[in-house]
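Presented below is the structure to which this report refers.
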Amino acid sequence: MLTDLDEAGLLAYRSAVTDPADFDAFWAETLDDAQRHPLDLVVEQVEVGLATVDVFDVTFSGFGGHRIRAWLHLPRIDGPLPAVVQYQGYGGGRGHAYQSLLWSAAGYAHLSMDSRGQGAGYSAGATGDPVGTSGPTTPGVMTRGLEAPHDHYYRRLITDAVRAVDAARALERVDAARVAVVGGSQGGGLALAVGGLRNDVAAVVAHVPFLCDIRRASRITDAMPYKELGKYLAVHRGSADRVFATLAYFDGVSFARRVDAPAFLSAALMDPTCPPSTVYGAFHELRGAKDIALWEYNGHDGGGHDDDERAVRGLARVLA
């Protein structure tokens, strides 16, 4: 059944999210600190027996200089190649070297970034999170470091995601002017964040993105991961303003206000995980060329392979 507003309501909806006064300064400081650590990009080929794609195990320095893993898939065609940096959904990691071959099959250098401290949900991860949390948390990552934005988990993961673009642009066979960021769910939220923090991203693809209009989402869905916030606040009564003041630094609506690159989004009317109004809250704020697909009878799967086709065709136009 419908989990949120209908299509007419979504077109009219505008998010009430306001940016923290120091939002831009917070992220400038965070990313400047990350740049103080050498990228130290390491690319090692892995023999996996594929005939048309070469696979590489990649490591680079993310937040705090911590080492982040990724897979690189390079099609065996002449370069320089446009590149796609892909981010994972909530709980997932970079997975197996055979996973996610779509983008290399489409002719892109494909860097699939691991998510620190995740990778035990639906696909395996290989990157730990060496930073502990300074307060009580629920299972998952949403409540890690809720005491202050400088401590929150997503400050680290978003910084990793930004540095992954640096890693892609540094690759020998990549055309640094043609790097797009893509992802679904949490990965879509990360793609919006990176698009808002970097002016050298050529395009943004965010399918059913997570981390948008966070406070609204916590009130209108009972599904995980937003339910982690509800469980936390049910115990820590009276902490809501502090919690959402922290999370305001990681909201996709605020990042969308800073995205100038062409953007391709999707939402689904029956999505209980990332309610469609939260996606449209970000979509309406995008500043550049934008397009959204709304899937009437789908949940958090969104448009599935139809979303993939839209993304491939869209990036072919933008990055040609």
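The values are calculated or read from the model by the stated rules, or taken from the named source; none is laboratory data. Predicted, not measured: the structure shown is a model, and the values here were computed from it. Every residue, glycine as well, gets a Cβ built from its backbone with ideal geometry; the counts of neighbours run over all protein chains shown. Surface accessibility is based on the protein's heavy atoms, side chains included, excluding ligands, DNA and RNA. Shrake-Rupley method; radii C 1.70, N 1.55, O 1.52, S 1.80 Å.
Just checking, does the stretch 116-124 include any residue being part of a loop (DSSP other than H, G, I, E, B), free of Cβ contacts under 8 Å to residues at least 24 places away in the same chain and either closer than 20 Å to V42 by Cα or open to solvent by less than 60 Å² (accessible area, probe 1.4 Å) (or both)?
Checked against the condition, which is being part of a loop (DSSP other than H, G, I, E, B), free of Cβ contacts under 8 Å to residues at least 24 places away in the same chain and either closer than 20 Å to V42 by Cα or open to solvent by less than 60 Å² (accessible area, probe 1.4 Å) (or both), the stretch 116-124 yields no hits at all.
Is it the case, given these coordinates, that D54 is out of contact with any helix residue (DSSP H, G or I) (no Cβ under 6 Å at 6 or more places or on another chain), open to solvent by 50 Å² or more (accessible area, probe 1.4 Å) and not aliphatic (A, V, I, L, M)?
no
Across the stretch 163-189, what is the number of residues that are open to solvent by less than 20 Å² (accessible area, probe 1.4 Å), assigned to a helix (DSSP H, G or I) and in contact with a Phe, Trp or Tyr (Cβ under 9 Å, 6 or more places away or on another chain)?
Residues that pass the stated criteria total 7.
For the stretch 23-51, enumerate the residues that are small (G, A, S) and surrounded by 13 or more Cβ atoms within 10 Å (Cβ to Cβ).
Scanning the stretch 23-51 gives a single hit, A34.
Kindly indicate whether any position in the stretch 107-115 is within 19 Å of D308 (Cα to Cα), open to solvent by 10 Å² or more (accessible area, probe 1.4 Å), hydroxyl-bearing (S, T, Y) and not in a helix (DSSP H, G or I).
Checked the stretch 107-115: at least one residue is within 19 Å of D308 (Cα to Cα), open to solvent by 10 Å² or more (accessible area, probe 1.4 Å), hydroxyl-bearing (S, T, Y) and not in a helix (DSSP H, G or I).
So, in the stretch 78-96, how many residues would count as being assigned to a loop (DSSP other than H, G, I, E, B), of a type outside the set (F, W, Y) and farther than 14 Å from T52 by Cβ?
Within the stretch 78-96, residues that are assigned to a loop (DSSP other than H, G, I, E, B), of a type outside the set (F, W, Y) and farther than 14 Å from T52 by Cβ number 10.
Got a number for residues in the stretch 293-317 being in contact with a Phe, Trp or Tyr (Cβ under 9 Å, 6 or more places away or on another chain), under 22 Å from N199 (Cβ atoms) and not small (G, A, S)?
1
Please find, among A106, A167, A126, the residue that is within 24 Å of G302 (Cβ to Cβ) and either among the small types (G, A, S) or at pLDDT below 95 (or both).
Exactly one residue qualifies, and that residue is A106.
Name the pairs: first residue in the stretch 238-255 and farther than 10 Å from E147 by Cα, second residue open to solvent by less than 20 Å² (accessible area, probe 1.4 Å) and aromatic (F, W, Y), Cβ to Cβ under 7 Å, at least 6 apart or on different chains?
What qualifies is Y249/F23; Y249/F26; F250/Y154; S254/F23.
Residues checked against (1) polar (S, T, N, Q); (2) assigned to a loop (DSSP other than H, G, I, E, B); (3) at pLDDT 95 or above:
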| site | (1), (2), (3) |
| --- | --- |
| A282 | no, no, yes |
| E285 | no, yes, yes |
| A293 | no, no, yes |
| N298 | yes, yes, yes |
| V318 | no, no, yes |
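Of the residues L211, L192, only one is more than 23 Å from Q35 (Cβ to Cβ) and crowded, with 18+ Cβ neighbours inside 10 Å; which?
L211
Consider G302 carefully, then state whether it is assigned to a loop (DSSP other than H, G, I, E, B) and open to solvent by less than 10 Å² (accessible area, probe 1.4 Å).
yes
What do you reckon, is P20 open to solvent by less than 30 Å² (accessible area, probe 1.4 Å) and either in a loop (DSSP other than H, G, I, E, B) or closer than 22 Å to V279 by Cβ (or both)?
Against the criterion (open to solvent by less than 30 Å² (accessible area, probe 1.4 Å) and either in a loop (DSSP other than H, G, I, E, B) or closer than 22 Å to V279 by Cβ (or both)), P20 qualifies.
In the stretch 260-299, what count of residues is obtained for those that are of a type in the set (A, V, I, L, M, F, W, C), open to solvent by 40 Å² or more (accessible area, probe 1.4 Å) and in contact with a Pro (Cβ under 8 Å, 6 or more places away or on another chain)?
Total satisfying the criteria: 2.
Filter the stretch 4-17 down to the residues that are open to solvent by 50 Å² or more (accessible area, probe 1.4 Å) and in a helix (DSSP H, G or I), then identify the one that is farthest from R67 (Cα to Cα).
Only one residue tops the list, namely A8.
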